[in-house]
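Report on the following structure.
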Amino acid sequence: MKNTDSKQLPLATASMLEQAPNLKNISKPFSWKSCGITDVGKVRKHNEDSLLERTAIGLWVVADGMGGHAKGDIASQMIVDAMTRLHEGTNLCRYLDDIEDRMLEVNRKLIEKANASAKQATIGSTVVMMLAYDKYCIYIWAGDSRLYRLRDGMLRQITTDHSQVELYVEQGMISREEALDHPHGNMITRAIGATEQLFLDMDIQEMASNDRYLLCSDGLTKHIPDPEIQDLLQEGDSEEVCKTLINLTLSRGAGDNVTAIVVDIE
């Protein structure tokens, strides 16, 4: 992507981007269906999460706003609105450039809005989005909203959190187990609207029949650990699983807004 950080995209990723065909005049190897739900939770008064399902073009988005009511809501909704206006691309590289351009524009507008406010406090949002294109799954993210993949009964988190706690784990300062309830758990290191220079991470992989993907805000992962998510994703269709995940989070107190989208590849 045009505005990546200092790490180069893996050669395999770049090669897959180059080999991805135009969608015009080809038959798609997979179909998909999905279900998405967002809930204010049990503690917050306002829902700063937003989601988007555009199953017809294979695009799903979860955004988790920050900055308080009338700010975080706006940030996450601006991301969703930008992706709602996105047109399906027949060339993958141009498609991704269009997505990035729209995120850069949202980033610029959020910074302008924050600078114009009396307190000049950050107005931002995490984002995770998944794009199904031909046989490929492309995922783009900033922040700690996550994308998981269930394949052959095994769960894998395929995004990496942009968070202070994740940096501690990578540097060997704390263990993965200690990270679960670390006091800095809410500190994210990237978000749309956080800084003038936006860095988005992107990767690509081939999909397989019967893959199941989960996009979610951290309001879900705070209450349901990965081993339990793995078990729950193996029961029922996308709507049933999505409802189960949200209802379980609510039953455990839902201290934050909670959002989930379950995508089945067929």
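Our summary gives the range 31-265 a relative contact order of 28 percent, counting only alpha carbon pairs under 8 angstrom and 6 or more residues apart.
Ordering Ile140, Ile192, Ile37, Ile111 from the fewest to the most neighbouring beta carbons within 10 Å gives Ile37, Ile111, Ile140, Ile192.
Of the residues Leu51, Leu198, Leu214, the one that moves most in a GNM of the chain with alpha-carbon contacts below 10 Å is Leu198. For the range 45-89, the normalised intensity computed at q = 0.22, 0.26 Å⁻¹ comes to -0.67, -0.83 (log10 of I(q)/I(0), Debye sum over alpha carbons, equal scatterers, no solvent). Using Cβ point charges alone (K and R +1, D and E -1), the dipole size of the chain about the Cα centre works out to roughly 640 debye. At full extension, Ser117 and Glu53 could sit 19.9 nm farther apart than now, given 0.36 nm per residue minus the alpha carbon distance.
The value obtained for the range 199-266, namely the Cα convex hull volume divided by the number of residues, is 104 Å³ per residue. The number of Lys pairs in the range 31-265 with C-alpha atoms less than 28 Å apart, excluding pairs fewer than 8 positions apart on the same chain, is 20. Think of it as helices only: each DSSP H run of n ≥ 4 in the chain is worth -39500 (n - 2.57), and spread over all residues that comes to -9500 deg cm²/dmol at 222 nm.
For the chain, compute Rh as the Kirkwood radius over C-alpha pairs and then the Stokes-Einstein diffusion coefficient at 37 °C and 0.692 mPa s; write the answer in µm²/s, rounded to an integer. Could you put the intermediate results ahead of the total?
Details: Rh = 18.8 Å.
Calculated translational D: 175 µm²/s.
Fewest Cβ neighbours within 10 Å first, please rank Met83, Met187 accordingly. With the sparsest Cβ surroundings first, the list reads Met187, Met83.
Any read-out appearing in this document is the output of simple, stated calculations on the displayed coordinates, not a laboratory observation. Everything numeric in this text was worked out from a predicted model, so none of it was measured. Positions of Cβ are generated from backbone atoms using ideal geometry, with glycine treated the same way; all protein chains shown enter the neighbour counts.
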